[in-house]
Each structure stands twice: as structure tokens, then as C-alpha cells.
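Colleague: First the structure, then my questions, so here it is.
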Amino acid sequence: MTLAFHRPSSIADAAKLLAGAEDGKFLAGGMTLLPTMRQRLADPSDLVDLSSLPGLAMIERTGDGLVIGALTRHADVAGSEVVKAAVPALAALAGRIGDPQVRYRGTIGGSIANNDPAADYPAALLALDATVVTDRREIAADDFFLGTFETALETDEIVTAVRFPIPLAASYEKLRSPASRYALVGVFVARFADGVRVAVTGAGPCVFRSADIEEALASAFEPSALDRISIDASELNSDLHADADYRAHMIMVLTKRAVAAAIAGH
Amino acid sequence: MKVSFTLNAKPVTVDVDPATRLADLLREDMDLTGTHIGCDTSQCGACLVLLDGESVKSCTLLVASLEGRGVTTVEGLADPDGGLHPMQTAFRENHGLQCGFCTPGMLISAVDFANRNPDPTETELRHWLEGNICRCTGYQNIVKSIMAGTAAMHQRA
Ligand SMILES: Cc1cc2nc3c(=O)[nH]c(=O)nc-3n(C[C@H](O)[C@H](O)[C@H](O)COP(=O)(O)OP(=O)(O)OC[C@H]3O[C@@H](n4cnc5c(N)ncnc54)[C@H](O)[C@@H]3O)c2cc1C
Ligand code: FES
Ligand code: FES
């Protein structure tokens, strides 16, 4: 089957093209989709290229938050003075995704729509209580990441932006796979006036929050508050990189480091 | 489909199957075999080209998405009369390659890095090279070459 390639002129046009395709896929940076096609794990009939749609690559500080357009590349988030000032942990996270060439192409929208269980951005969205804005609705991060490579998005639904509230302090700590640079375990800690949110990526089948850790940190935002908490390894991943017990241990190690870094103002 | 873009400073229009990747177009149809394909799945950096000045992996870049863009391959680094680019000269003088398979990607990555970082530290460079895999050298002479090439590009040699 030959692939059909579409360059839509508007978001509405893109959604319509995808809805009309037999097995269509949106294309953003292609840093996940094209290798997957190369490995013959995906064989779409149509690609609908979002990359030249106007207005989707942008970063904006609003009254109480930060808005990042879906087509904004990792390199642009990492280098943005606006992001560095508002949520430095988010810029730092983007700057540690993959390698420089991946960061020139990969986008925040593509990363969260893909929802790789070891991807970095999902942890940021969940911990920062972000809102995913699509062409038809707004979805809270808590309701967006549903399972391994599974999100709340409809097949023809387009992420247009992500809205982040600004935390009092935040930090992301990641144990990288030395080969792929994905997170073997990644922990995003965000402190707000009304509580603390902690999201863990890389360790389980999908990014998740830990209520035990969040409660302990809400009562005392310091690494020692976590001394008596341990993570149940039974739901975590075991693979050739690391077993579940090691991942459970590293969640606590990285959470403590993230809290210390958030306090130090990194 | 027809796609028009700039390739090594010359305008080109190609008629390709929409699934064609830039690396294949360069190697199979344009006679530009300096761009190598190693992993074929965006891990190794052998296939890097400059896209509007930024180093990107041509093994996972569709020609279809190049309309109006500018591509420079390793062949485009040297002067039209064959004089080597300062970064190429630095690789030659510092023994920055062994088998040479990774070298075109290293050069493209290095030129992008040097353009962005006129006065880098070695640590910055080593982090930058995360997307370039070399099976031979152990990277020492590559790092030496790129530090020298960067200085030469900014005329501090
Ligand atoms: C060598 C390498 C290392 C990497 N390392 C890391 C890492 O350390 N951490 C990490 O988090 N990621 C890593 N990645 C993945 C990278 O961040 C990808 O860029 C990202 O996962 C996908 O973004 P993309 O823009 O390239 O999306 P694409 O590959 O274009 O698309 C991915 C999926 O999302 C869909 N999609 C894209 N945009 C939208 C949208 N706006 N609305 C709806 N659906 C959409 C597509 O249809 C497709 O199914 C790595 C990738 C590579 C190749
Ligand atoms: S061949 Fe493109 S990154 Fe390896
Ligand atoms: S010189 Fe042989 S792969 Fe780098």
C-alpha cells in the first residue's frame, strides 16, 4: 500500500483528513512515529502532517500559568527564557530528552499523545496538574494518561497545547537508560500552595502518582519525611535494564533528590 | 508527490513516493553517499544532515516534509572548489576518525555545535555528542578535533 501524505491547511482540516483515512496517523516531529514505521511496528495508510500548521509552536506566560503549544520542540522548551523563569524544572526536563537531534524534531504534543511509559513529559504534566488542550476539549492530566501508550485522545483528536500552573518549587530527577536516554525511573516533584504532587515515570506500565509520597511531603517538604515510606514493587516493571525491586528503590532515591533540589531552588 | 527544497545551496525539485526518507533519496537518487545509514531508526547519528542549520537525522525525516526547507549534507560543507571546511581539516589533523563510518554525522553535528557554541567546554561538547555513536575511536580524538575545528571556525586557532 502506498502511503498518502497530507499537508492540511488548518486544524479542522487535519482532523477531517484523519477521520476520513482508513488508518491515518498525525505526524509531528516523527521521532517516535518514523522509527516505529521503520521497524514495521506501524504501517499507516495516511500521514497528516501537523508540523506546518500555524500557531501550534509557541510558548506563552499567562496570568497564572504557562502555555506550550503542541508542536513546540523539546529544544525550544529547553532553551526558552520564559520556561526557565516560570518552571525551570520543565526546561531542564526537555533539555535531557534523548539527544540534540531528537530535541530538534520531537514535540511536546507528540510525546504526550504517544504516552511511552518511559517518556519524561508525562511525569511533568501529571505532577504539575497540567491541562491538555485539544481541538475539541480540555483534559486534566489526571484523566489523560490511561495506560501503556494509551491516552484519553480520540483517534482524530489533535492536541493543540498544554497549560501548566506555576508551582512554588519543582524538580525532576531521572535515571537515564545510558543507551536510549529514556527514563528507567523518573520522578517529578511539584510543590503548590495547597499541596504536593509527585509523578513517577519509567517504573510502571504508565506514569502514575504516589499518594503515600504526596501525603508525607505535604506534612513536611523535606527528604527525611520520606524515610519511612517504601514503594510496593509488585506493580512495577522488570526488564533487562532493571528489576522491579531496584525500580522501587530508585523511586525513593530520586524523590528525595528531587525534593532536595526543589528546596535548593534548582 | 513533488517537493521543492534547497540541497547544498542549489534549488531542487524531486518527485517521490511519500514514504521516501531523506537518507534514501540522498544515497539512492542524488548520488550523495556521504550521508550514512547505521541504525536506520534514529539512534546512531550516522545520517545527520543540516536542516535549516540544525543537525537532524535523515533516516527518519520524510522528503515530503521538506517543502521550502534547506538541507546541507556533508558534501555541502567543503568549498565548491574542493577546499575542506575548517571542521574537516581539524578531523584530518587530529586523527578524528578510524573507519570513518560515523564521520559524516560527526562533522554535521560538530558544525551545528560550533555555530551555536563559539567557545565551548569539553563537557558541553561531550554532552552534545550523545546522539553520535562511534564504534572505533573511543571519542578522544573526535573531541579533540571538534574543539580544534570550533576554534578554527571562530578563528582562534
Ligand atoms: C533516540 C531517541 C531517544 C529518545 N529519548 C527520549 C527520552 O529520553 N525521553 C522522552 O520522553 N522521549 C524520548 N524520545 C522520544 C521523543 O521525545 C519523541 O519526540 C516523542 O516521543 C514524540 O514526539 P514527536 O513530535 O516526534 O511525535 P511523532 O513521532 O510525530 O508522533 C508520535 C505519536 O503522537 C501522535 N501525535 C503527534 N502529535 C500529535 C498531536 N498534536 N495531537 C495528537 N496526536 C499527536 C502521532 O500520531 C503519533 O502516534 C526519544 C526518541 C528517540 C528517537
Ligand atoms: S541511521 Fe539515522 S540515526 Fe542511525
Ligand atoms: S570511526 Fe569508525 S565508527 Fe567512528
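Colleague: Take the residues of region B:7-19 that are crowded, with 16+ Cβ neighbours inside 10 Å and in contact (Cβ under 8 Å) with a residue 60 or more places away in the chain: which is nearest to B:Asp79 (Cα to Cα)? Write out each step before concluding.
Modeller: Taking region B:7-19 and keeping what is crowded, with 16+ Cβ neighbours inside 10 Å, we get B:7-8, B:14, B:16, B:18-19.
Those left that are additionally in contact (Cβ under 8 Å) with a residue 60 or more places away in the chain: B:7-8.
Details: B:Leu7: 14, B:Asn8: 11 Å.
Going through the qualifying residues, I end up with B:Asn8.
Colleague: Need pairs with beta-carbon distance below 7 Å; first residue more than 19 Å from B:Ala78 (Cβ to Cβ) and within region B:125-152, second among the β-branched types (Val, Ile, Thr) and more than 16 Å from ligand 1 (Cβ to nearest atom); sequence gap 6+ or separate chains.
Modeller: B:Leu125/B:Val143; B:Leu125/B:Ile146; B:Arg126/B:Val143; B:Cys134/B:Ile142
Colleague: From B:Cys44, B:Cys59, which residue is within 16 Å of ligand 2 (Cβ to nearest atom), within 14 Å of chain A (Cβ to nearest Cβ) and surrounded by fewer than 24 Cβ atoms within 10 Å (Cβ to Cβ)?
Modeller: Details: B:Cys59 fails: surrounded by fewer than 24 Cβ atoms within 10 Å (Cβ to Cβ).
Only one candidate passes the filter, namely B:Cys44.
Colleague: Report, by residue number, each residue of region A:179-203 that is within 16 Å of ligand 1 (Cβ to nearest atom), assigned to a strand (DSSP E or B) and surrounded by fewer than 23 Cβ atoms within 10 Å (Cβ to Cβ). Spell out the reasoning first.
Modeller: From region A:179-203, those within 16 Å of ligand 1 (Cβ to nearest atom) are A:179-188, A:199-203; that's our starting set.
Retained after the next criterion (residues that are assigned to a strand (DSSP E or B)): A:183-188, A:199-201.
Result: A:Leu184, single match.
Conditions (1) without any contact (Cβ under 8 Å) to a residue 60 or more places away in the chain; (2) away from every other protein chain (no Cβ under 13 Å), marked per residue:
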| site | (1), (2) |
| --- | --- |
| A:Val87 | no, yes |
| A:Val102 | no, no |
| A:Ile112 | yes, yes |
| A:Ala123 | no, yes |
| A:Thr131 | yes, yes |
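Colleague: Here's a follow-up. Of the residues B:Gly70, B:Gly131, which is touching an Asp or Glu at 6+ places or on another chain (Cβ under 9 Å) and within 26 Å of A:Ala92 (Cβ to Cβ)?
Modeller: On the way: B:Gly70 fails: within 26 Å of A:Ala92 (Cβ to Cβ).
Result of the check over B:Gly70, B:Gly131: B:Gly131.
Colleague: From B:Thr6, B:Thr33, B:Thr20, which residue is more than 21 Å from B:Phe113 (Cα to Cα), among the hydroxyl-bearing types (Ser, Thr, Tyr) and within 14 Å of chain A (Cβ to nearest Cβ)?
Modeller: Details: B:Thr6 fails: within 14 Å of chain A (Cβ to nearest Cβ); B:Thr33 fails: within 14 Å of chain A (Cβ to nearest Cβ).
Just a single option satisfies the conditions, and that option is B:Thr20.
Colleague: Return the residues of region B:40-54 that are in contact (Cβ under 8 Å) with a residue 60 or more places away in the chain and within 16 Å of ligand 1 (Cβ to nearest atom); say none if nothing qualifies.
Modeller: The answer is B:Gln43, B:Cys44, B:Gly45, B:Ala46, B:Leu48.
Colleague: Do we have any residue at all in region A:199-214 that's within 27 Å of A:Ile166 (Cβ to Cβ) and of a type in the set (Asp, Glu)? Steps first, answer last, please.
Modeller: Step one: filter region A:199-214 for residues within 27 Å of A:Ile166 (Cβ to Cβ), giving A:199-203, A:206-214.
In the following step, the residues that additionally are of a type in the set (Asp, Glu) were identified as A:212, A:214.
Yes, region A:199-214 has at least one match.
Colleague: For region A:69-107, enumerate the residues that are assigned to a loop (DSSP other than H, G, I, E, B) and either modelled with pLDDT under 95 or acidic (Asp, Glu) (or both).
Modeller: Taking region A:69-107 as the starting set, the residues that turn out to be assigned to a loop (DSSP other than H, G, I, E, B) are A:70-72, A:80, A:87, A:96-99, A:106.
A:Asp99 - this is the single residue of region A:69-107 that is assigned to a loop (DSSP other than H, G, I, E, B) and either modelled with pLDDT under 95 or acidic (Asp, Glu) (or both).
Colleague: Consider region A:22-68. How many of its residues are of a type in the set (Lys, Arg) and modelled with pLDDT under 95? So that I can check it myself, show each step before the final result.
Modeller: Quick first cut of region A:22-68, residues of a type in the set (Lys, Arg) only: A:25, A:38, A:40, A:61.
Next, only the ones that are modelled with pLDDT under 95 stay: A:38, A:40.
Total satisfying the criteria: 2.
Colleague: Could you please find all residues in region A:145-154 being out of contact with any Leu (no Cβ under 7 Å at 6 or more places or on another chain) and touching a residue at least 24 places away in the same chain (Cβ under 8 Å)?
Modeller: Narrowing region A:145-154 to residues out of contact with any Leu (no Cβ under 7 Å at 6 or more places or on another chain): A:146-151, A:153-154.
Those that are out of contact with any Leu (no Cβ under 7 Å at 6 or more places or on another chain) and touching a residue at least 24 places away in the same chain (Cβ under 8 Å): A:Leu146, A:Gly147, A:Thr148, A:Phe149, A:Glu150, A:Thr151, A:Leu153.
Colleague: Answer with yes or no whether B:Arg69 is free of Cβ contacts under 8 Å to residues at least 12 places away in the same chain and of a type outside the set (Phe, Trp, Tyr). Show your work before the answer.
Modeller: On the way: free of Cβ contacts under 8 Å to residues at least 12 places away in the same chain: no; of a type outside the set (Phe, Trp, Tyr): yes.
No; evaluated as a whole, the condition is false for this residue.
Colleague: Taking the criterion of being facing chain A (nearest Cβ under 10 Å), over 12 Å from the mean Cα position of the chain (by Cα) and in a helix (DSSP H, G or I), would at least one residue in region B:65-85 satisfy it?
Modeller: Scanning region B:65-85, I find at least one residue that is facing chain A (nearest Cβ under 10 Å), over 12 Å from the mean Cα position of the chain (by Cα) and in a helix (DSSP H, G or I), so the answer is yes.
Colleague: Same structure, new question: Tally the residues that are surrounded by 14 or more Cβ atoms within 10 Å (Cβ to Cβ) and out of contact with any strand residue (DSSP E or B) (no Cβ under 8 Å at 6 or more places or on another chain), restricting the search to region A:1-30.
Modeller: Looking only at region A:1-30, we keep the residues that are surrounded by 14 or more Cβ atoms within 10 Å (Cβ to Cβ), and these are A:3-8, A:11, A:13-18, A:21, A:24-30.
Subsequent filtering for residues that are out of contact with any strand residue (DSSP E or B) (no Cβ under 8 Å at 6 or more places or on another chain) retains A:13, A:15-16.
The total comes to 3.
Colleague: On to the next question. Within region B:107-157, which residues are away from chain A (no Cβ under 11 Å), within 13 Å of ligand 3 (Cβ to nearest atom) and assigned to a loop (DSSP other than H, G, I, E, B)?
Modeller: Answer for region B:107-157, where residues must be away from chain A (no Cβ under 11 Å), within 13 Å of ligand 3 (Cβ to nearest atom) and assigned to a loop (DSSP other than H, G, I, E, B): B:Cys134, B:Arg135, B:Cys136, B:Thr137, B:Gly138, B:Tyr139.
The values are calculated or read from the model by the stated rules, or taken from the named source; none is laboratory data. Being a predicted model, the structure only gives us computed values, none of them experimental. Backbone-built Cβ (ideal geometry, glycine too); neighbour counts: all protein chains shown.
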